[in-house]
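Student: Just dropping this structure here.
None of the figures in this text is laboratory data; all of them are computed from the coordinates on show. Only a predicted model underlies this, so the values are computations on that prediction, with no experimental measurement involved. Here the Cβ positions follow ideal geometry from the backbone for every residue, glycine too, while neighbour counts run over all protein chains shown.
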Amino acid sequence: MVNTAIASLKAGAIIDTLALNYVGNYCTKGWITDDGLLTAINRITAIAAGEPDPADIIDYNSMTVAELKELAKERGLSGYSTLSKAELIALLEADDSNATV
């Protein structure tokens, strides 16, 4: 499984070489399991492709209205104090889209 996962990385990029060396060494020593290796490769591949790191994706639906309002406040957004949970989520997702453009 490890060889299959490593082979799935795109060849030629420096980050791929570094990832193979770094993750491969830890896997060989038994410090990373196959599942851990796949997680690391998926994260590295996503970042190299310009996609957001899966670990950075926020699940707004699992947050309370108070937490969503606090997050909107931290981001410097305005007009959030009277919004419903669905509206807060839409506001934060719109802010996420603007931040990645």
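Student: Please list log₁₀ I(q)/I(0) at q = 0.18, 0.21 Å⁻¹ for segment 60-100, using the Debye equation with identical point scatterers on the alpha-carbon positions.
Tutor: -0.40, -0.55
Student: Another question, then. State the extension gain, in nm to one decimal, for the chain segment bounded by ARG43 and ASP56, taking 0.36 nm per residue of separation less the distance between their alpha-carbons.
Tutor: Computed gain between ARG43 and ASP56 is 3.7 nm.
Student: Taking the Cβ of ARG75 as the center, what net charge do the other residues with Cβ under 14 Å away carry, scoring Lys and Arg +1 and Asp and Glu -1?
Tutor: Around ARG75, the surrounding residues sum to -4.
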